[in-house]
Amino acid sequence: MKPVYKIFISILVPLSVGAVAGFFTSSSIKNWYTFLNKPFFNPPNWIFGPVWTLLYILMGISFYIIWRSEKQELKSKCFPYYWIQLVLNFLWSFLFFYFRNPAFALVDIVLLLIFIAFTIANFRKISSIAAWLLVPYILWVTFATALNFEIWRLN
């Protein structure tokens, strides 16, 4: 496969995951989420879209770097962690917004943090750049975990 197709697919997949989750959960953001008690550090709603878009692009670029690597054995160990964290990322939106269950979402996001860490650790074995591209993601999800916890606690 040509590199241009690989980079396109690598970025399109996480962006699509975010778009689909956002589409199905957006109605809860406008009504249910608005009325929840939130901590003082809750950012304005408009910040989430741009931040997640950037993070999904960085995830895609990171994945592309690993995908184009010739280290087949290491790649085969990396990919499951990447795909699991992407699924957990997708599920979080449904658990929190669609099912309106911050408690289950909290369990999911803790697992997500663990799998992002595994992904970073395994990507680092192939490319430090690919690993570093995921650092903003794990930092944001760490913040989101604290936010999820506080929303659960306050409600």
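The values are calculated or read from the model by the stated rules, or taken from the named source; none is laboratory data. Just so you know, these numbers come straight off a predicted model, no measurement behind them. Glycine gets a Cβ as well: all are built from the backbone with ideal geometry, and neighbour counts include every protein chain shown. All accessible areas refer to the heavy atoms of the entire protein, side chains included, with ligands and DNA or RNA removed. Shrake-Rupley method; radii C 1.70, N 1.55, O 1.52, S 1.80 Å.
The figures follow:
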| quantity | calculated |
| --- | --- |
| Acute angle (nearest 10 degrees) that the helix 102-124 long axis makes with the longest principal axis of the chain, alpha-carbon atoms | 20 degrees |
| The range 58-119: C-alpha pair distances exceeding 20 Å, % | 35 percent |
| Difference of contour (0.36 nm per residue) and Cα-Cα distance, LEU154 to LEU54 | 33.1 nm |
| Within the range 92-155, chymotrypsin sites (Phe, Trp or Tyr not before Pro) in DSSP loop having at most 14 other beta-carbon neighbours inside 10 Å | PHE99 |
| Between helix 135-154 and the chain: long-axis angle, C-alpha atoms, 0 to 90°, nearest 10 | 20 degrees |
| Percent RCO, i.e. relative contact order, over the range 11-127, from Cα pairs under 8 Å lying at least 6 residues apart | 36 percent |
| The chain pair-distance distribution - Cα-Cα, 10 Å bins, rounded % | 11, 40, 32, 14, 3, 0 |
| FRET efficiency, ALA19 to TRP132 (Cβ-Cβ, R0 22 Å, nearest 0.05) | 0.30 |
| Karplus 3J(HN,Hα) series, Hz, for the range 34-49 with 6.51 cos²θ - 1.76 cosθ + 1.60 (x for Gly, Pro) | 4, 8, 6, 6, 10, x, 4, 8, 5, x, x, 4, 5, 6, 5, x |
| Solvent-accessible area per residue, Å², over the range 50-155 with all protein chains present [probe radius 1.4 Å] | 51 Å² |
| Carbon plus sulfur fraction of accessible area for the chain, probe 1.4 Å, in percent | 73 percent |
| Whichever aspartates and glutamates have a C-alpha closer than 19 Å to that of LYS125, once near sequence neighbours (fewer than 8 apart) are set aside | GLU70, GLU73 |
| ALA103 versus LYS2: modelled label distance in nm, points set 7 Å from Cα along the beta carbon direction | 5.3 nm |
| With Cα atoms, 0 to 90° folded angle of helix 3-30 axis to the chain main axis | 10 degrees |
| For the chain, calculated [θ]222 nm from helices alone, where every DSSP H run of n ≥ 4 adds -39500 (n - 2.57) | -26500 deg cm²/dmol |
